[in-house]
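Each remark here refers to the structure printed beneath this line.
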Amino acid sequence: MKTVHARPYPYTFDPAHTALVLIDMQRDFLEPGGFGALLGNDVAPLRRIVPACQRLLALAREHGLRVIHTQEAHDPLLADCPPSKKARGGLACGIGDPGPLGRVLVAGEPGAGFVPELLPQSGDTVLRKPGKGAFHATALDAILHAQGITHLLIGGVTTEVCVQTTMREAYDRGYGCLLVQDWAASYVPHFHDAVVEMVVAQGGIVGWAAPLAAVEAAWAGSAFAQAAAAAAAAKG
Ligand code: TIU
């Protein structure tokens with residue numbers, strides 16, 4: 001078992017039953033000309049978490065955790081895109097339209113692909129999803145059950161849209177989720193901060209939150225992490 005010094009109290013997980021879930025680190029959200037930029041956002045805050053994502057992925061691979069990359073992308077015929085989603089925002093160049101990164105948010109197009117620094121590796125699971133939450137209209141719950149996964153370390157983009165929606169869906173399905181704070185980002189930085197507070201409020205109503213350094217400390221078996229684990233055990 002590993003224990004992370006998290007808020008609102010230590011987060012304990014068994015690596016054999018824990019997956020890393022990296023939400024939607026796609027060119028369409030992180031690069032100029034993609035869906036996020038077409039919505040009027042500055043993509044710079046999202047790009048800043050790429051090095052932290054690389055560190056956590058390396059840690060996960062070193063310790064044999066399962067890795068799941070989600071991808072918000074639609075079928076080329078938009079058969080899985082509700083008209084309300086396509087119409088939202090009234091964009092001149094919206095979902096399915098040809099844009100600077102190919103057809104916007106369409107599977108197989110350059111924009112739907114992952115940023116080059118975070119390409120999935122052999123053994124990782126890639127989960128295409130048509131919605132904001134990773135459990136909606138996907139096999140994610142079945143995949144996690146089949147692999148005995150009970151705990152999720154979650155990050156990606158954007159914190160208040162796909163990351164938070166997925167955490168809430170996971171909570172209702174019985175998973176224990178840790179939001180790795182510097183592994184997630186929003187186009188609107190104070191939304192990110194607000195989500196962290198929402199997650200840990202009310203005794204961890206949605207889950208736990210901790211910085212990447214605390215996750216790394218749990219693996220290092222540092223005195224700090226050990227002390228937190230002891231404190232949690234003492235609380236019963
Ligand atoms: N617009 C926005 O902040 N996010 C999304 O549309 N999708 C995800 O968060 N992945």
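The values are calculated or read from the model by the stated rules, or taken from the named source; none is laboratory data. If you're wondering where the values come from, they're calculated on a predicted model, not measured in any experiment. We place every Cβ from the backbone using ideal geometry, glycine too, and count neighbours over all the protein chains shown.
Among the candidates LEU140, LEU101, LEU105, LEU91, the residue that is modelled with pLDDT under 95, aliphatic (A, V, I, L, M) and in contact with an Asp or Glu (Cβ under 9 Å, 6 or more places away or on another chain) is uniquely LEU91. State the number of residues belonging to the stretch 137-162 that are of a type outside the set (Val, Ile, Thr), within 12 Å of the ligand (Cβ to nearest atom) and assigned to a helix (DSSP H, G or I). So the count comes out to 2. Counting only residues that are out of contact with any Lys or Arg (no Cβ under 9 Å at 6 or more places or on another chain), on the phi < 0 side of the Ramachandran plot and outside any strand (DSSP E or B), the stretch 11-48 holds 20 of them. The selection criterion, being of a type in the set (Val, Ile, Thr), within 15 Å of the ligand (Cβ to nearest atom), in a strand (DSSP E or B) and in contact (Cβ under 8 Å) with a residue 12 or more places away in the chain, holds for VAL126.
Among residues of the stretch 197-220 that are free of Cβ contacts under 8 Å to residues at least 60 places away in the same chain and under 12 Å from GLN164 (Cα atoms), those with a Cβ under 7 angstrom from a residue that is aliphatic (A, V, I, L, M) and part of a loop (DSSP other than H, G, I, E, B), sequence gap 6+ or separate chain, pair up as MET198/VAL206; VAL199/VAL206. The residue of the stretch 6-63 that is surrounded by the fewest Cβ atoms within 10 Å (Cβ to Cβ), among those that are among the acidic types (Asp, Glu) and within 14 Å of the ligand (Cβ to nearest atom), is ASP42. Does GLY148 satisfy the condition of being modelled with pLDDT under 95, over 15 Å from HIS5 (Cβ atoms) and over 17 Å from the mean Cα position of the chain (by Cα)? Answer is no for this residue. In the stretch 174-183, is there at least one residue being at pLDDT 95 or above, at negative phi and small (Gly, Ala, Ser)? Yes. Just so you know, in the stretch 168-196 the residues that are within 16 Å of the ligand (Cβ to nearest atom) and assigned to a loop (DSSP other than H, G, I, E, B) include one that is surrounded by the fewest Cβ atoms within 10 Å (Cβ to Cβ), and it is VAL188. Restricting the stretch 86-123 to residues that are assigned to a helix (DSSP H, G or I) and touching a residue at least 12 places away in the same chain (Cβ under 8 Å) leaves a set whose member that is surrounded by the fewest Cβ atoms within 10 Å (Cβ to Cβ) is GLU117.
Just give me the residues in the stretch 197-215 being away from the ligand (no atom under 16 Å from the Cβ), farther than 15 Å from VAL21 by Cβ and over 15 Å from the mean Cα position of the chain (by Cα), in sequence order. Scanning the stretch 197-215 gives GLU197, VAL200, ALA201, GLN202, GLY203, GLY204, ILE205, ALA213, ALA214.
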